[in-house]
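Encoded as structure tokens, the structure appears first; notes follow it.
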Amino acid sequence: MQTIFDGVLYAHYRQAYIHIKGTYDFAENVRKGQVNGLLGAAYPTTLFLTFGLHSGAVRLSVKLASLPPDLDESWEEIVEAPFTMPETGTLGLSDWEGQLWYPIPIAPGSYRVRFSAQQFGEAEEVPESENDLNPIERYEVIFWPAARQPDQILKVTRPAAQYWHDFAQGNIR
């Protein structure tokens, strides 16, 4: 498995994006028709990452696998969604303000994306200055080639994560 990004990202409004440069969509339709609320994939050129922390530092890794990775049960929240990389464009990781742009070099084609979390929402209980030195919340994104399938919730343990699943399913407004 190839690690493309491994570092600290500053979340704003619980969000970050993986998208084709110049095409992201901030609208609420990023989760339309999905069961999971953590990895919005309803908009064709955007993956909308939802964090537990409203604003501040989170640790994030982005990886590329050639085969479906084994399910790592040590993650507390795990969801998957489809993504299709178009023939043209540059995919990258972006923060809410657009200050970060980190390219993600994947070939055109159909992918499955797994988004996993640990300590989802726990950083809300820690002073921001303390969390920024050692981010509490950890996230991982893994891409691998796969036929398109609907999104799934594979594991949910925290009420904060369940809230976003309920929101995506239209159970909360």
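The values are calculated or read from the model by the stated rules, or taken from the named source; none is laboratory data. Since we're looking at a predicted model, the values are computed, not measured. Glycine gets a Cβ as well: all are built from the backbone with ideal geometry, and neighbour counts include every protein chain shown. Please note that ligands, DNA and RNA were not included when accessible areas were found on the heavy atoms of the full protein model with its side chains. Shrake-Rupley method; radii C 1.70, N 1.55, O 1.52, S 1.80 Å.
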Contour minus Cα-Cα span, Ala146 to Thr3, at 0.36 nm per residue, comes to 49.6 nm
Relative intensity, log₁₀ I(q)/I(0), of region 74-173 from a Debye sum that treats every alpha carbon as a point, q = 0.14, 0.18 Å⁻¹
-0.71, -1.09
Taking the dipole of region 78-159 about the Cα centre (Lys, Arg +1; Asp, Glu -1; charges at Cβ), the one of Ala123, Ala81, Pro135 that reaches farthest to the positive side is Ala81
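Using a probe of 1.4 angstrom, how much of the accessible area of the chain is carbon and sulfur, in percent?
Numbers: 4160 of 8270 Å².
On the chain, the fraction of accessible area on carbon and sulfur atoms equals 50 percent.
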May I ask you to evaluate 6.51 cos²θ - 1.76 cosθ + 1.60, the Karplus curve with θ = phi - 60°, for each residue of region 73-79 and list the ³J(HN,Hα) values in order in whole Hz, giving x for glycine and proline?
5, 5, 6, 8, 10, 9, 9
So what is the relative contact order of region 80-126, in percent, for Cα pairs below 8 Å that sit 6 or more residues apart?
43
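Which value, in Å², gives the accessible area per residue of region 47-161 when a 1.4 Å probe is used on the protein heavy atoms? Walk me through the numbers on the way to the answer.
Working: 5260 Å² over 115 residues.
It amounts to 46 Å² per residue over region 47-161.
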So, with points 7 Å from each Cα along the Cβ direction, the Tyr13-Ala65 label distance in nm works out to 3.2
Relative contact order, percent, the chain [alpha-carbon distance under 8 Å, six or more residues apart]
30
Can you list the residues, at least 5 places off or on another chain, whose amide H is less than 5 Å from the amide H of Leu47, using H built in the peptide plane?
Ile18, His19
Taking region 101-173 and dividing mean pair separation by its residue count, relative contact order in percent (alpha carbons under 8 Å, at least six apart):
36
Order these peptides, 109-119, 43-53, 139-149, by their mean beta-carbon neighbour count within 10 angstrom, highest first.
43-53, 109-119, 139-149
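For Glu73 and Asn29, FRET efficiency with R0 = 30 Å and r from the beta-carbon atoms, rounded to 0.05?
On the way: r = 32 Å, r/R0 = 1.06.
Once rounded, the FRET efficiency stands at 0.40.
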Cα Rg, Dmax, the chain, angstrom units
14.8, 44
